[in-house]
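The values are calculated or read from the model by the stated rules, or taken from the named source; none is laboratory data. Just so it is clear, the structure is predicted and the values come from calculations on it, not from any experiment. Glycine gets a Cβ as well: all are built from the backbone with ideal geometry, and neighbour counts include every protein chain shown.
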Amino acid sequence: MHKLETQNITMSFGNETIIRDISISVDQGELVCLLGVSGSGKTTLFNCISGIYTPDSGRVLLDGEDITGTTGRISYMLQKDLLLPYKTIEDNVALPLIIRGASRDEARARASEYFEEFGLEGTQTMYPKQLSGGMRQRAALLRTYLFSDNVALLDEPFSALDTITKGRIHRWYLDVMEKINLTTVFITHDINEAILLSDRIYIMTGRPGEIKSEVRIKTPRSDRHGYDLTDEFMDYKRQIMGILGEEKRETE
Amino acid sequence: MKRRSASITNNIYPIATLLAILVLWECLSLFEVVPNYMLPSPAQTVEAFINDFGLLMSHLKVTLLETVLGTLMGVAIGYAAAVLMDRWDPAYKAMYPLIVLTQTIPAVAIAPLLVLWFGYKMMPKIILIILITFFPIVIGVLDGFRSADKDAINLMRSMGASRWQIFRHIKFFNALPNFFSGLRITVAYAVVGAVLAEWLGGFAGLGVYMTRVKKSFAYDKMFAVIFLISIISLILIWLVSVLQKKCMPWERADEVSDRKKRGQ
């Protein structure tokens, strides 16, 4: 049984179908990436999986249980860090626990266990604006993790960062994922990021968005140091660009 | 340190202007350019203030009580109305245009009616202050609720947050700056509103004192009470600022330093 599975999800707004017949699956501990150009409906799919939208047809299964249209089961992190400016980092991070009914002290205590692991020690009582962009994304990721250690959906989590910070946070991200073994689906439109960070890549194209192809990266995540300079990486990149290019020719 | 000395140099200008006006005013009275019974000198005003201090304070107590009670009630009602309109769209559609419309009615015009209906005691003053306070609070707070980040609300929803939790963790905080700027405007208006209502009839209060000294042509006392009213307004505005700083500690936190940013 897959950890998370979507079965033939279709969603439209008004007359426009945004995504059609999307079936993807993620296994326990896997990092899966949804790669596609803007407007291919990736975020809509995430909103369906997280339960914010109920799809027109299709189902979302978590551990085999139908959770279509149910919020509060799968954690979700958006491109903007969305840390609340008026709460300290510890309160921001502990928010999902409070929403689930924990007392403030309980939530803070549980959250504080992870600060070191996420490289956030010493930031507990700071406010978000006192942190750099990279640190804020780490805090947002910790909040996502505390929300649910089941499955995390990350919507372009690193796209707002500059290239150098991004490189650093990629390395950090692979490390932390190794430690916490979180099952993750993340959206990106950056081919390099997709190859570097994931076990499998779903390529989404078109309007309405559909899964065009699936690419499995052979090299395990633990051996990805300097991976983006290898020939194998370039082969994957060529292959993916080929798939995306094909699509382009079709629509033209 | 730098910031502090900058604020001192900035303050020098209005203080110097004020001093210049006071000196000019003192000269006008001293050389009897304006007859002394019409325009008492600043020194005479201060003298009147000191001589009548006890009496002024006893009237002030009444005015302040009205102001505080009226403001508290107005703020409570305004806030409740904003919550209702945010929560329930028909309420918004039904009430919002009317609330804006009521603002075209000047407070000066309804004050006599309120005195007529509710008598010479505290009631009409408090009601007038409620009416004055209500508007800036309800509009500001509602705007704060409605401008809350949609993505943040969606994120909360994805976590399974209830409407109450979304209100408590997002909307409430988003409306805080608006609430305080509304409150700052409102406290100054509230004092003036209380005095205005007291002019029209009452047994005690700074407005009542004002009408009495006016009738006895004690213009120095008139100026003393005007001075007192503006001091009280300033103190109230300052208190709101202090309260705001206390309630919004994140505003004072320093931005991330450049060194830290690079070091990330």
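A few comments on the model shown:
- A:G69 being in contact with a helix residue (DSSP H, G or I) (Cβ under 9 Å, 6 or more places away or on another chain) and either hydrophobic (A, V, I, L, M, F, W, C) or more than 10 Å from chain B (Cβ to nearest Cβ) (or both): yes
- The residues of the range A:218-238 that are surrounded by 15 or more Cβ atoms within 10 Å (Cβ to Cβ) and more than 16 Å from A:L174 (Cα to Cα), listed by number, are A:F233, A:Y236, A:K237.
- Evaluating B:S158 against the criteria (1) more than 14 Å from chain A (Cβ to nearest Cβ); (2) buried (at least 23 other Cβ atoms within 10 Å of the Cβ); (3) among the polar types (S, T, N, Q) leaves one unmet condition, (1).
- Every residue from the range A:177-194 that is in a helix (DSSP H, G or I) and under 14 Å from the mean Cα position of the chain (by Cα): A:M177, A:E193, A:A194
- For the range B:167-188, a residue qualifies if it is surrounded by fewer than 21 Cβ atoms within 10 Å (Cβ to Cβ) and within 17 Å of the chain's Cα centre (by Cα), and the qualifying residues are B:L176, B:P177, B:N178, B:F180, B:S181, B:R184, B:I185, B:A188.
- Restricting attention to the range B:132-147 and to residues that are farther than 30 Å from B:A111 by Cα and buried (at least 19 other Cβ atoms within 10 Å of the Cβ), the residue that is nearest to the other protein chains (Cβ to nearest Cβ) turns out to be B:G144.
- Tallying residues that are away from every other protein chain (no Cβ under 13 Å) and closer than 18 Å to A:D175 by Cβ within the range A:100-129 yields 7.
- In the range A:116-162, the residues that are part of a loop (DSSP other than H, G, I, E, B) and among the hydroxyl-bearing types (S, T, Y): A:T123, A:T125, A:Y127, A:S132, A:S148, A:S159
- Residue in the range A:189-207 that is in contact (Cβ under 8 Å) with a residue 60 or more places away in the chain, more than 11 Å from A:V32 (Cβ to Cβ), out of contact with any Leu (no Cβ under 7 Å at 6 or more places or on another chain) and among the basic types (K, R) present: yes
- Condition met for B:L65 (of a type in the set (A, V, I, L, M, F, W, C) and in contact with a Pro (Cβ under 7 Å, 6 or more places away or on another chain)): no
- The residue that is modelled with the highest pLDDT, among those in the range A:83-108 that are surrounded by 22 or more Cβ atoms within 10 Å (Cβ to Cβ) and among the small types (G, A, S), is A:A94.
- Residue in the range B:213-226 that is among the aromatic types (F, W, Y), more than 14 Å from chain A (Cβ to nearest Cβ), within 22 Å of B:Y37 (Cα to Cα) and surrounded by fewer than 18 Cβ atoms within 10 Å (Cβ to Cβ) present: yes
- Scanning the range B:108-126 for residues being over 15 Å from B:F203 (Cα atoms) and in contact with a Pro (Cβ under 8 Å, 6 or more places away or on another chain) gives a total of 3.
- Members of the range A:1-19 that are among the β-branched types (V, I, T) and out of contact with any Gly (no Cβ under 8 Å at 6 or more places or on another chain): A:T17
- When B:A76, B:A91 are checked against the criterion of being loosely packed, with under 15 Cβ neighbours inside 10 Å, touching a Leu at 6+ places or on another chain (Cβ under 6 Å) and not acidic (D, E), B:A91 stands alone in meeting it.
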